[in-house]
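Comments concern the structure below.
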Amino acid sequence: MQLIEIKFLTRFIDITGEKNIKIEDVPDIKTLVEFLCKKYDESFKEVLFDENGNLRDYLKVMINGEDIRDINGLDTPLKDGDQIVMFQTIAGG
């Protein structure tokens, strides 16, 4: 059994009502995101993706401390014990 831990920060806590969850048997980030979009309805999907279906620039999805954009994006494979952190970056002015 493969167990993945997901931690939600910033806006994702507001949407999910949770700080972290554990999910079993998801092979990659794309499958994980599809599961989360179904679990947390359209508002989760709208925050995560732009109108073209791309991950929004100001959102970070990290796997074991590394941005998925620096690995294989949504095709990044997952393995047992991986920790995912999802958050919205904050810009100041």
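Relative contact order of the chain: what whole-number percent is it, with Cα pairs under 8 angstrom and at least 6 residues apart?
Relative contact order for the chain comes out at 43 percent.
Can you list the HN-Hα couplings for the stretch 69-84, worked out from phi with the Karplus curve (6.51, -1.76, 1.60; θ = phi - 60°), rounded to whole Hz and with x for Gly and Pro?
5, 8, 10, 10, x, 5, 8, 4, x, 10, 9, 3, x, 4, 10, 9
Grab the beta carbon distance between Lys79 and Asn20, set R0 = 22 Å, and tell me the FRET efficiency rounded to 0.05.
Result of the calculation: an efficiency of 0.75.
Which is the longest part of the chain that has none of the trypsin sites (Lys or Arg not before Pro) sitting in a DSSP loop with at most 15 other Cβ atoms within 10 Å?
My reading of the result: 20-55 is the longest stretch.
Would you please give the residues with an amide H less than 5 Å from that of Glu18, counting only those at least 5 places away or on a separate chain, with H modeled from the backbone geometry?
Distant-sequence amide H within range of Glu18: zero hits.
What angle, in degrees between 0 and 90 and rounded to the nearest 10, separates the Cα long axis of helix 29-48 from the longest principal axis of the Cα atoms of the chain?
With both axes taken from Cα atoms, the answer is about 30 degrees.
Given a Förster radius of 25 Å and the C-beta distance between Arg11 and Ile71 as r, what FRET efficiency does 1/(1 + (r/R0)^6) yield to the nearest 0.05?
So the FRET efficiency works out to roughly 0.65.
Enumerate the amide H contacts of Asp28 below 5 Å, restricted to partners 5 or more residues apart or on another chain; note that Pro and chain-start residues carry no placed amide H.
For Asp28, the qualifying residues are Leu78.
List the GluC sites (Glu not before Pro) in the stretch 46-93 that DSSP assigns to loop (not H, G, I, E or B) and whose Cβ has at most 10 other Cβ atoms within 10 Å. Which are they?
Passing sites in the stretch 46-93 are Glu51.
Within the stretch 1-34, name every residue whose backbone N is under 18 Å away from a label modeled 7 Å from Cα of Ser43 along the Cβ vector.
8-21
Using a simple charge model, +1 on the beta-carbon of Lys and Arg, -1 on the beta-carbon of Asp and Glu, nothing else, what dipole does the chain show about its Cα centre, in debye to the nearest 20?
Rounded to the nearest 20 debye, it is 240 debye.
Once you sort the root eigenvalues of the Cα gyration tensor of the chain as a ≥ b ≥ c, which label holds: rounded (a/c under 1.5), prolate (a/b larger than b/c) or oblate (the other case)?
It is rounded, given that a/c, with a ≥ b ≥ c, falls under 1.5.
All of the numbers you see were taken from the coordinates with simple rules; none came from a lab. The shown structure was predicted, so the numbers you read here are calculated from the model rather than taken from an experiment. All Cβ positions, even for glycine, are placed from backbone atoms using ideal geometry, and neighbour counts span all protein chains on display.
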